[in-house]
Amino acid sequence: MATVRPKSDFDVDEACKKLQKAMKGAGTNEAAIIEVLSTHDAKQRFLIRERYSALCGKDLMKELKSELSGDLENAVLALLTPIPVFLAQELRGAMKGAGTKEKILVDILLPRTNNEVVAIREAYKIEFGRELKDDLAGELKGDLQRLFVAQVSAQRDHDDSVDRDKAERDAKELYEAGEGRTGTDEAAFTMILVSRSFLQLKVTFEMYEKIGGKDFEEAIRKETRGVLQEALLTIVKYAKSHSKYFAERLQQAVKGVGTDEKALVRIVVGRSEVSEANYQNAP
């Protein structure tokens, strides 16, 4: 997945003029709009959005809404929205009205660092005047509720070092909470998966395979069901390899009959500012 880097020769006025030209006259030059927005990072896109009003006398978001439609409109507007705000809006949409779209909550909140979760949580409060934790608690129940409330508390360890003794103890606890007993202690799964650093979890899962004789993902598939299973697997896969996890999600979004455009936009926009250095230092 390509990382959007700051444009080195950034000229905000030139970018605005290109967008204005792309929407001028009969027809819209969609390729030109995409070219401008896809070659500037989030901060630069926000400066373009702000400057456009002063330079061109019109609101850029309204202009784009009138010129575009469908999935392209959604993607372009998402690119011009600060990432935490965009994700907060997606979360609110997933919980608003009848029924909760739990898979969207999984996609947005679970493969995130503490800093990312805090940024989304704060954007949610500013945008909607509501506490994300309270809304999640009201929409979800049982083990899934506990998992998400713990995740948005952003209490995951962020130490870059690995404690192999702790990893071994946690691996034994995970085994005894699942395959090593009758029934499953999902609370024990949640406590470890939302509190340990992703690097620490990666080593824990390696220890688990030695103790249990199988991959921890297999244990989750055996011991849990439904959205809880998907949520736990998301954390496990992300801890093992950030880049592989998102590559798999992209494949799932475009696989089969029809493309899940909304999921595709969430993944691409939500991860477009993650630096290659972060991926290189990640599991």
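The values are calculated or read from the model by the stated rules, or taken from the named source; none is laboratory data. For clarity, every value in this text was computed on a predicted model and none was experimentally measured. FYI the Cβ positions are ideal-geometry reconstructions off the backbone, even for glycines, and counts take in every protein chain you see. The accessibility values were calculated without ligands, DNA or RNA, using every heavy atom of the protein model including side chains. Shrake-Rupley method; radii C 1.70, N 1.55, O 1.52, S 1.80 Å.
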Given the C-alpha centroids of region 86-124 and region 23-72, what is the distance between them in whole angstrom?
-> 26 Å
In Å, the Kirkwood hydrodynamic radius from C-alpha pairs for region 140-205 sits at 12.4 Å
The aspartates and glutamates whose Cα lies under 16 Å from the Cα of Lys166, excluding any fewer than 8 residues away in the same chain, are Asp157, Glu176, Glu206, Glu209
Among [x] 22.5; [y] 15.4; [z] 16.7, the value of mean projected area of the Cα convex hull in nm² computed for this structure carries the label [z]
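Using a probe of 1.4 angstrom, how much of the accessible area of region 78-172 is carbon and sulfur, in percent?
Details: 2150 of 4670 Å².
The computed percentage sits at 46.
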Distance histogram in 5 Å bins (all Cα pairs of region 120-165, percent per bin) | 5, 19, 22, 18, 14, 10, 8, 4, 1
Where does the charge balance sit around Asp71 when Lys and Arg score +1, Asp and Glu -1, over other residues with C-beta under 11 Å from its C-beta?
-> -2
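Need one number: convex hull volume per residue for region 30-79, Cα atoms only, in Å³.
Values: hull volume 3.5 nm³, N = 50.
Dividing the Cα hull volume of region 30-79 by its residue count gives 69 Å³.
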Expressed per residue, the solvent accessible area of the chain in Å² (1.4 Å probe) is about 51 Å²
Return the subset of Lys17/Lys96; Lys141/Lys222; Lys43/Lys141; Lys65/Lys101; Lys101/Lys172 for which the Cα-Cα distance in this structure is over 28 Å, preserving the input order.
-> Lys17/Lys96; Lys43/Lys141; Lys101/Lys172
Which of the pairs Lys18/Lys62; Lys18/Lys103; Lys21/Lys262 have their Cα atoms more than 26 Å apart in this structure?
-> Lys18/Lys103; Lys21/Lys262
Can you give the charge dipole size of the chain about its Cα centre, rounded to the nearest 20 debye, using +1 on the beta carbon of Lys and Arg and -1 on the beta carbon of Asp and Glu?
-> 500 debye
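Please give the FRET efficiency for Lys65 paired with Lys7, using the beta carbon to beta carbon distance and R0 = 25 Å, rounded to the nearest 0.05. Mind dumping the intermediate values first?
On the way: r = 24 Å, r/R0 = 0.98.
Once the sixth-power term is evaluated, E becomes 0.55.
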Roughly speaking, to the nearest percent, how much of region 1-45's 1.4 Å accessible area is carbon and sulfur?
-> 51 percent
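Multiplying the sequence separation of Ala98 and Arg181 by 0.36 nm and subtracting their Cα-Cα distance, what value in nm do you get?
Numbers: separation 83, 0.36 × 83 = 29.88 nm, distance 3.76 nm.
Working it through step by step, the gained length comes to 26.1 nm.
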Dipole of the chain (Lys/Arg Cβ +1, Asp/Glu Cβ -1, origin at the Cα centre): which of Ala98, Gln155, Leu132 lies farthest to the positive side?
-> Ala98
Within region 12-74, which trypsin sites (Lys or Arg not before Pro) sit in a loop by DSSP and count at most 13 neighbouring Cβ atoms inside 10 Å?
-> Lys24, Lys58
Using the C-alpha atoms of region 67-207, what convex hull volume per residue, in cubic angstrom, is computed?
-> 136 Å³
Compute the separation of the alpha-carbon centres of region 209-236 and region 128-185 and state it in Å as a whole number.
-> 13 Å
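Rounded to the nearest 20 Debye, what is the dipole magnitude of region 37-82 about its Cα centre when Lys and Arg each give +1 and Asp and Glu each give -1 at the C-beta?
Values: 7 positive and 7 negative charges, 39 e Å.
Computed about the Cα centre, the dipole is about 180 debye.
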